[in-house]
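Chemist: Encoded as structure tokens, here's the structure I'll be asking about.
The values are calculated or read from the model by the stated rules, or taken from the named source; none is laboratory data. Treat the numbers as computed from the prediction; the structure is a model and nothing was measured. Cβ sites come from the backbone with ideal geometry, for glycine too, and all protein chains shown count toward neighbours. Note: accessible area is taken over every heavy atom of the protein model, side chains too, but ligands, DNA and RNA are not part of it. Shrake-Rupley method; radii C 1.70, N 1.55, O 1.52, S 1.80 Å.
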Amino acid sequence: MLLEDLPKNTRPREKLLAMGSQTLTDAELLAVMLGTGLPGQNVLQLAQALLENFHGLAGLLQASPADLRAAKGLGGSARRAQLLAVLEMSRRVLLQKMRKRDVMNNPDTVKQFLQLQMGAYPQEVFAVVFMDAQYRLLSFQEMFKGTLNQTSVYPREVVKLALEQGAAAVILAHNHPSGDVRPSAADSTLTRTLQTALSMVDVKVLDHIIVGPGIHWSMAERSPW
């Protein structure tokens, strides 16, 4: 069923143009992008089913290409490409915001970017946001992959890159593929190790953020340093 086949007062495209995108529900926004439904399932019903399957827009946008390919209603490459393009545009917008201003003046932007960038990875990835003395973004670097501990994350490599970039502060980040973003004992130990190593070269660790699809944990905010 096409959007045009829906009753006029329920057509999300017309609602978007008449009242603005902020008035649409998540399902209506997704329906505008999908355009058509499936036999026996109109486009709004399909959109709602996809949101339930992926646990909301955040889960859908962070899904892997394989997950999207397997989802009913997203078998066509054009639709998957549209979703992946939306995800990449969202990442670039957030990264641009981080480059334009003091990163720590808008910590939610950093968390959103990290969630979109790393939240759906199937394995653990450790990354670092490098900043100058005014907390302006220097770079975002994904540095290590695999189970995170002191043997898989090398503090000297983090220190080396911080010195090369002239960083004065960093935000550490990694993902938990399980979706449980609470820090483990190994996460806490690693954070302390990196704090000590970076303090030797006058680089401050501002936070360690753990992300999953649509969720995050800020160790600076919620765990004792």
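Chemist: Apply the Karplus curve 6.51 cos²θ - 1.76 cosθ + 1.60, θ = phi - 60°, to the phi angles in the range 90-102 and return the couplings in whole Hz, x for Gly and Pro.
Modeler: In residue order, the calculated couplings are 4, 4, 5, 4, 5, 5, 5, 4, 5, 6, 7, 8, 4 Hz.
Chemist: Right, something else. Quick one: accessible area per residue over the range 40-147, 1.4 Å probe, rounded to a whole number of Å²?
Modeler: Ligands and nucleic acids excluded, the result is 51 Å² per residue.
Chemist: If you don't mind, there's one more thing I want to ask. Which one, 187, 207, 26, has the greatest fluctuation when you compute a Gaussian network model over the chain with C-alpha springs under 10 angstrom?
Modeler: Taking springs between Cα atoms under 10 Å, the residue moving most is 26.
Chemist: Right, here's the next one. Amide H to amide H under 5 Å from residue 215: which residues, 5+ apart in sequence or cross-chain, H placed 1.01 Å off N in plane?
Modeler: none
Chemist: Sticking with this structure for a sec: What do you get for Rg/Rh over the chain if you use C-alpha atoms and the Kirkwood form of Rh?
Modeler: Rg/Rh: 1.06.
Chemist: Which residue fluctuates most in the GNM of the chain (Cα springs below 10 Å): 17, 114, 68?
Modeler: Largest GNM mean-square fluctuation: 17.
Chemist: Report, to the nearest whole %, how much of the accessible area of the range 73-112 belongs to carbon and sulfur atoms, 1.4 Å probe, protein only.
Modeler: So the carbon and sulfur contribution to the accessible surface is 50 percent.
Chemist: Name the residue, out of 47, 78, 58, whose mean-square fluctuation peaks in a Gaussian network model built on the chain with Cα pairs under 10 Å.
Modeler: Comparing 47, 78, 58 in a Gaussian network model of the chain, the most mobile one is 78.
Chemist: A further question follows. If each residue of separation counts as 0.36 nm, what is the full-extension length gain between residue 66 and residue 22 once their alpha-carbon separation is subtracted?
Modeler: Extra length available between residue 66 and residue 22 comes to 12.8 nm.
Chemist: Right, another one. Please compute the per residue accessible area over the range 159-225 with all protein chains in place, 1.4 Å probe, rounded to a whole number of Å².
Modeler: 46
Chemist: Can you tell me the 0 to 90 degree angle between the C-alpha axis of helix 43-53 and the longest principal axis of the chain, rounded to 10?
Modeler: Here the helix axis deviates by roughly 30 degrees.
Chemist: Angle check, please: helix 185-199 long axis (alpha carbons) against the longest principal axis of the chain (alpha carbons), in degrees 0 to 90, nearest 10.
Modeler: Value to nearest ten degrees: 60.
Chemist: Label-point separation (nm) for residue 220 and residue 38, each offset 7 Å from Cα along Cα-to-Cβ?
Modeler: Going by the 7 Å Cα→Cβ label model, 4.4 nm.
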